[in-house]
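Reading through the C-alpha cells given below for one structure.
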Amino acid sequence: MSPYPHLLAPLDLGFTTLKNRVLMGSMHTGLEDKAKDFPKLTAYFVERAKAGVGLMVTGGFSPNIEGWLYPFSSKLSSRFEVGRHQKLTTAVHDAGGKICLQLLHAGRYSYHPLSVSASRLKAPINPFTPRALSGFGIRRQIRAFVRAASLAQRAGYDGVEVMGSEGYFLNQFTCRRTNRRTDEWGGSIENRCRLPVEVVRQIRAEVGERFIIIYRLSLLDLVDGGNTWDEVLYQAKAIEAAGATILNGGIGWHEARVPTIVTSVPRAAFAFAAAKLKREVRIPVVATNRINRPEVAESLLARGDCDLVSLARPLLADAQFVQKAQEGRADEIITCIACNQACLDHTFSLKRATCLLNPRSGYETELVSSPAPKPKAFAVVGAGPAGLAFSVEAARRGHRVTLFDQAAEVGGQFNLAKRIPGKEEFDEALRYYARQLELLGVTTRLSTRVSAQTLAGQGFDAVVLATGVTPRTPAIEGITHPKVLGYADVVSGRKAAGQRVAVIGAGGIGFDVAEFLVQPSPSPALDPARWRREWGVDETVRSPGGVEGVQRAVEPPARQVVLLQRKAEPLGKRLGKTTGWVHRATLKDKGVELLSGVEYRRIDDQGLHVTVNGADRLLEVDTVVVCAGQEPLRELAPALTAQGLSVHLVGGADVAAELDAKRAIRQATELAFRL
Ligand code: NAP
Ligand code: SF4
C-alpha cells in the first residue's frame with residue numbers, strides 16, 4: 001500500500017497520462033537565458049524526471065522582445081532557438097519525464113524601455129512605464145504567443161503553460177487595477193478576459209488536441225483593483241472553454257503586500273482558493289504555494305481540494321522528493337524551508353538559483369559527488385549547518401566521520417532559528433540532517449567538548465572545524481548590567497525579557513529577536529485562518545483582489561520593542577530581497593520603533609541612553625538584548641595544527657562576517673566533495 005495513494009495516483013488527461021499528481025512549478029533558474037547554459041538546465045530537469053516528477057514546467061520564456069523580463073532574457077520566438085530546447089526535451093523524455101514550456105510575457109513587469117501593457121500605468125516595483133497597446137498591437141502579442149507555442153511543440157515539449165497570474169501581462173488585462181481601456185479589451189470582465197481567452201483559443205487551434213495547455217490563473221490577486229471571485233470564475237470557465245487542459249493556481253501579484261511564499265506563510269495557506277475553483281470547473285486544478293511535504297499534498301488531494309499539487313522550491317531543495325515519497329522514505333526528504341535565500345533572492349539579483357540546503361541544485365553538472373578513492377577518517381567539530389553538511393556529504397562518499405558538539409543536540413544556530421515565530425520550518429532541516437547521520441553511520445558525540453589533545457592520536461586524517469561563532473559583546477558602558485541579555489539566552493528561553501525591550505543591532509538576528517519578542521508564546525503563525533485574518537485576506541474573495549477594503553486583524557504586540565542600529569540607513573536594508581519587506585512590515589504592524597543613526601552611550605538602572613541625530617534620549621527599558629553580530633570561534637585551530645593535525649575551517653568559524661547558513665553549507669559541501 002502506497003503511503004501517499006492520492007499523490008502517487010496517475011492522472012489521465014485523455015491523450016496522455018501523468019504518472020502522479022506532482023507538477024513541478026515554474027521557477028526561473030537563471031540557466032534559461034543563454035544557449036550555452038542549456039546543458040546545465042537539461043541536467044537539472046533530467047535529475048528530477050528520473051526521480052519520478054509527474055510533469056515539469058520550465059522557467060518563463062517570453063514570446064517576444066516586448067515581453068522580456070529584462071534585456072536578453074529567455075525568449076522563444078525564432079526557429080533558431082528551437083534546437084537547444086529539442087536536446088532538453090529529448091533528454092527529459094529519455095529519463096521518463098514530461099515537460100511543458102512556460103510562456104511568460106512580463107508586460108509592465110518588463111525591466112526595459114520596450115515594455116507594453118493594457119494601459120500606460122507604471123508598476124510600483126519597476127522604474128519603466130509601459131506603452132499602452134493598440135488593438136493591432138494586442139493582436140500582434142497574441143500571434144507571438146501562438147508562434148511560441150508552436151515552436152515549443154516543434155521543440156518536443158509536452159505542452160505549454162500560459163502565465164496568466166502574478167501580475168504579469170495577461171493578468172494586467174484581466175484586472176481593473178491595470179486595465180483602464182474602453183475598447184473591446186477593457187471594461188467588462190468579458191472584455192478584460194478577451195486577451196487570455198484568445199491566447200488559449202488560438203494556441204489550441206494551432207497545436208491540436210494532443211498537447212497540454214496549462215493556464216496559470218490568478219485565483220487571488222491580493223492587490224486593490226484585483227478581481228473578485230465571480231470575475232475569477234468567469235475567467236476560469238472561459239479559459240476552460242477556450243481549450244485549456246489544466247488550471248494552475250496563481251496567488252498574489254509581485255507588487256502585493258501580502259506574503260505568499262515566505263517561511264512565515266503557513267503550509268497550504270492558499271489551497272482554499274484551488275478548492276473553491278475545483279468545485280466549478282471540469283478540467284484538473286492545481287493547488288499551489290507552501291506545499292512542501294508529501295503528507296500536506298496527500299491531505300489536499302485526499303480531501304478533493306485539487307487534482308494536482310504544484311511544487312517548485314520543494315523540488316529545487318530535493319530532486320528526489322517524489323522518489324523518496326514513493327519508497328516510504330519521506331523522512332529523508334530535504335524539506336524546503338521557504339527561506340528564499342538561495343533561490344528567489346538569487347533570481348531577483350540575476351544570479352543562478354540554487355538551494356540553501358542543497359547547493360547541488362542548479363549545479364548538477366558542476367558539483368558532483370563521487371565515491372572516495374581512499375576513505376579517510378575525519379573529526380568534525382561543531383554540529384551546526386556547516387558541520388552537518390560536511391559530515392553527511394563526506395560520509396556519503398564513504399569517509400569515516402565522527403561529529404563532535406558540546407551541545408546536547410545537533411543544529412547550532414538553526415536551533416535558535418526554529419524558535420522564531422514563522423521560522424518553525426528550520427526544524428525540518430535538522431530532522432533531515434539527523435536522519436542522514438543515522439543512515440550514513442556518522443559517529444555523533446554530543447555534549448562533548450573536545451581539545452587538541454583529545455583529538456590527537458585518535459587516528460584522524462584531518463579535522464574539520466565547524467565551531468561556528470560567538471556573539472559579539474559591544475563596548476558600551478554598562479554592558480554587564482543585569483538587564484542586558486544575549487540573544488541566544490532570550491530565544492532559547494533560558495532567560496526572560498521584560499515588557500519594554502531595546503534590541504541592539506538590526507541584522508538578521510536583531511529582526512528575528514524583535515519578531516520573537518512581539519509575538520505571544522506559543523506563536524499564532526501556524527494557524528492558516530488566523531494568519532489570513534492578520535494579513536487581511538478575504539477568503540470569500542468578494543472584495544476585489546481578496547484584499548481591497550479588508551480590515552486586518554493584527555494582534556497587539558506582546559511587548560514594547562525598540563530596534564536600533566548605528567548605521568544611518570533604513571533598518572533591514574540588507575535583509576533578503578524577497579523576504580526583508582515582510583519582516584519590516586511585521587515589525588511595523590506590531591508598533592516596533594526602528595531607530596537608525598544611533599550612538600550608544602550607556603546602560604543603567606534607568607534604561608538605555610542613546611544619542612539619535614544629535615539628540616540625547618533615554619529608552620526606559622527593562623531589558624536590553626544584544627544582537628551585535630558575531631566573531632568566529634576557532635581557538636582550536638592553532639592548537640590542532642601544533643599537534644600535527646590537518647585542519648579545515650568551514651562556516652562561521654572561517655568567516656563570521658556575513659555569516660550565513662547558505663555560505664556555510666555550500667562551503668562544507670564543496671569541501672566534502674574535494675577531500
Ligand atoms: P549582522 O547581520 O552582521 O548584524 C549585526 C548588527 O549589529 C548590525 O545591525 C550592526 O549594525 C550591529 N553591530 C555590529 N557591531 C556592533 C557593535 N560593536 N556595537 C553595536 N552594534 C553593532 O549579524 P546578525 O544579525 O548576528 O546575523 C548574522 C547572520 O545570520 C546574518 O548575516 C545572516 O546571514 C544570518 N541571519 C539571517 C537571517 C535572515 O532573515 N535572512 C536571520 C537571522 C540570521 P550597526 O553596526 O549599524 O549598529
Ligand atoms: Fe527552499 Fe530556501 Fe532552498 Fe529556496 S533556498 S528552495 S526557499 S530551502
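The values are calculated or read from the model by the stated rules, or taken from the named source; none is laboratory data. Small disclaimer: the values here were computed from a predicted structure and weren't measured. Cβ coordinates were reconstructed from backbone atoms using ideal geometry, including for glycine residues, and neighbour counts include every protein chain displayed.
Remarks
- Of Ala502, Ala514, Ala506, Ala497, all but one fail to be buried (at least 17 other Cβ atoms within 10 Å of the Cβ), aliphatic (A, V, I, L, M), more than 16 Å from ligand 1 (Cβ to nearest atom) and more than 21 Å from Arg290 (Cβ to Cβ); the exception is Ala497.
So that you can scan it fast, the table gives a plain yes or no per residue for (1) more than 22 Å from Ala268 (Cα to Cα); (2) modelled with pLDDT of 95 or more; (3) within 8 Å of ligand 2 (Cβ to nearest atom):
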position	(1), (2), (3)
Ala330	no, yes, no
Cys343	no, yes, yes
Phe348	yes, no, no
Arg352	yes, yes, no
Cys355	no, yes, yes
Asn358	yes, yes, yes
Glu366	yes, yes, no
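- Some residue of region 598-606 being under 28 Å from the mean Cα position of the chain (by Cα) and assigned to a loop (DSSP other than H, G, I, E, B): no
- Filtered residue count, region 1-23, keeping only those that are small (Gly, Ala, Ser) and closer than 17 Å to Arg329 by Cα: 1
- Taken over region 475-494, residues that are farther than 18 Å from Arg617 by Cβ, near ligand 1 (Cβ under 9 Å from one of its atoms) and in a loop (DSSP other than H, G, I, E, B) amount to 1.
- The one condition from (1) buried (at least 24 other Cβ atoms within 10 Å of the Cβ); (2) more than 16 Å from ligand 2 (Cβ to nearest atom); (3) not aliphatic (A, V, I, L, M) that Arg419 does not meet is (1).
- Residue match in region 571-580 (condition: surrounded by fewer than 18 Cβ atoms within 10 Å (Cβ to Cβ), away from ligand 2 (no atom under 16 Å from the Cβ) and at pLDDT below 95): yes
- Selected residue (criterion: farthest from ligand 2 (Cβ to nearest atom)) from residues of region 302-320 that are under 16 Å from the mean Cα position of the chain (by Cα) and in contact (Cβ under 8 Å) with a residue 60 or more places away in the chain: Ser310
To keep it simple, each residue is scored yes or no on (1) on the phi < 0 side of the Ramachandran plot; (2) touching a helix residue (DSSP H, G or I) at 6+ places or on another chain (Cβ under 6 Å); (3) surrounded by fewer than 16 Cβ atoms within 10 Å (Cβ to Cβ).
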residue: Ser117; (1), (2), (3): yes, yes, no
residue: Pro127; (1), (2), (3): yes, no, yes
residue: Gly135; (1), (2), (3): yes, no, yes
residue: Phe173; (1), (2), (3): yes, yes, no
residue: Arg176; (1), (2), (3): yes, no, no
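- In the set Gly412, Gly457, Gly387, only one residue is free of Cβ contacts under 8 Å to residues at least 40 places away in the same chain, over 19 Å from Arg329 (Cβ atoms), not assigned by TED's automatic domain parsing to the domain that holds Lys590 and not aliphatic (A, V, I, L, M); that residue is Gly457.
- In region 652-670, the residues that are in the same structural domain as Pro385 (by TED's automatic domain parsing) and at pLDDT below 90 form Cβ pairs under 9 Å with partners that are among the β-branched types (Val, Ile, Thr) and buried (at least 24 other Cβ atoms within 10 Å of the Cβ), at six or more places apart or across chains, as follows: Gly652/Thr467; Ala653/Val381; Ala653/Thr467.
- Of all residues making up region 582-599, the number that are among the aliphatic types (A, V, I, L, M) and without any contact (Cβ under 8 Å) to a residue 40 or more places away in the chain: 2
- From the options Arg634, Arg666, residue that is within 16 Å of ligand 2 (Cβ to nearest atom) and either assigned to a helix (DSSP H, G or I) or crowded, with 17+ Cβ neighbours inside 10 Å (or both): Arg666
- Lone qualifier among Asp427, Asp405 - being within 16 Å of ligand 1 (Cβ to nearest atom) and either free of Cβ contacts under 8 Å to residues at least 60 places away in the same chain or closer than 28 Å to Ser370 by Cβ (or both): Asp427
- Qualifying residue in region 50-69 (condition: within 29 Å of Glu198 (Cα to Cα) and free of Cβ contacts under 8 Å to residues at least 40 places away in the same chain): no
- Among residues of region 325-358, those that are away from ligand 1 (no atom under 15 Å from the Cβ), out of contact with any Pro (no Cβ under 8 Å at 6 or more places or on another chain) and not hydrophobic (A, V, I, L, M, F, W, C), counted: 10
For every residue, the table says whether it meets (1) at pLDDT 95 or above; (2) not in a loop (DSSP other than H, G, I, E, B).
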{"position": "Ala256", "(1), (2)": "yes, no"}
{"position": "Thr263", "(1), (2)": "no, no"}
{"position": "Lys276", "(1), (2)": "yes, yes"}
{"position": "Ile283", "(1), (2)": "yes, no"}
{"position": "Ile291", "(1), (2)": "yes, no"}
{"position": "Leu300", "(1), (2)": "yes, yes"}
{"position": "Gln323", "(1), (2)": "yes, yes"}
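- For region 565-587, a residue qualifies if it is in a helix (DSSP H, G or I), near ligand 1 (Cβ under 10 Å from one of its atoms) and among the small types (Gly, Ala, Ser), and exactly one does: Gly580.
- Test: Glu428 is outside any loop (DSSP other than H, G, I, E, B) and of a type in the set (D, E, K, R): yes
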